[in-house]
1. Calculate the FRET efficiency for K132 and A75 from the Cβ-Cβ distance with a Förster distance of 25 Å, rounded to the nearest 0.05.
2. With r as the distance between the Cβ atoms of D105 and K181 and R0 = 45 Å, compute the FRET efficiency 1/(1 + (r/R0)^6) and round to 0.05.
3. From the phi angles alone, apply the Karplus equation (6.51, -1.76, 1.60; θ = phi - 60°) to segment 41-53 and give each ³J(HN,Hα) in whole Hz, x where the residue is Gly or Pro.
4. Starting with the highest mean, order 65-73, 91-99 by the number of other Cβ atoms within 10 Å, averaged over the residues of each peptide.
5. Per-residue counts of other Cβ atoms within 10 Å, averaged by peptide: what ranking do you get for 111-121, 53-63, highest first?
6. Applying the Karplus parametrisation 6.51 cos²θ - 1.76 cosθ + 1.60 with θ = phi - 60° to the phi angles of segment 101-109, what ³J(HN,Hα) value in whole Hz is obtained for each residue in order, glycine and proline being reported as x?
7. Tell me the label-point distance for the pair R192, N35, using the 7 Å Cα-to-Cβ offset, in nm and rounded to one decimal.
8. Taking a probe of 1.4 Å, how large is the accessible area per residue of segment 52-137, in Å²?
Amino acid sequence: MKSLLTALLTLSLILSGCGALSVNLEPNAAKNDLNVDATIHLPTDRYPETMAHIAAAIKAGASAICTIDRNGADANRDASLNGIATKKGFDRDEWPMAMCKEGGDGAHIAYVSPKDNRGAGSWIGNQLAELKDGTRVLFVVGDSAAAVVPAATEQPPVKEETVYYANCAAAKEAGAAPLHKGDPGYSVKLDRDKDGVACS
């Protein structure tokens, strides 16, 4: 009977997407130092726009740790998106997420394509589905937790709107092209001739 229960539990974890390959619940040095309960390695290759935003947000000082607080999600979402205009063809992605105690006012916001953003949201939601409120989860973008854990700061991060375009087609679709150096969404990656004007 015990082996049957173990097999059923293992199968349910695999089917729910919460297998050990995605969520690491084993103790390790990084988790102990940060006082977290779980670590999730984000799939940068599957949802590049959303993952690039998360990495940029953390680099700018946003928390890489999410303390799950599902009951506070609606209020956090209202606070984080307050004053951030909608843009046709884009989702407003927020980090930390609304379901994190660390989210809400001051969250980092970026415009991301709906397909990428909703796919990433669904993937992350599946990883967190079995975790209880109050669980502290470290999100790792890339290979190293150290690369995404922000340095301690006395001031909360300033609310910042980040615009990201995966390619020139996305910039043109948003009506933002051409992009000049210093414009929201400009990147050297989009400026092929390096003349300071992308997607011209």
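1. Rounded to the nearest 0.05, the efficiency is 0.80.
2. E(calc), rounded to 0.05, equals 0.90.
3. Along segment 41-53, the couplings run 8, 7, x, 5, 6, 8, 9, x, 5, 5, 5, 5, 5 Hz.
4. For the peptides 65-73, 91-99, the packing ranking is 91-99, 65-73.
5. 53-63, 111-121
6. 4, 6, x, x, 4, x, 5, 7, 10
7. 5.2 nm
8. Spelled out: the 1.4 Å probe surface of segment 52-137, per residue, equals 45 Å².
The values are calculated or read from the model by the stated rules, or taken from the named source; none is laboratory data. If you're wondering where the values come from, they're calculated on a predicted model, not measured in any experiment. Neighbour counts run over all protein chains shown; Cβ positions are idealised from the backbone, glycine included. Each accessible area value is taken on the protein alone, full model and side chains, heavy atoms only, with ligands, DNA and RNA left out. Shrake-Rupley method; radii C 1.70, N 1.55, O 1.52, S 1.80 Å.
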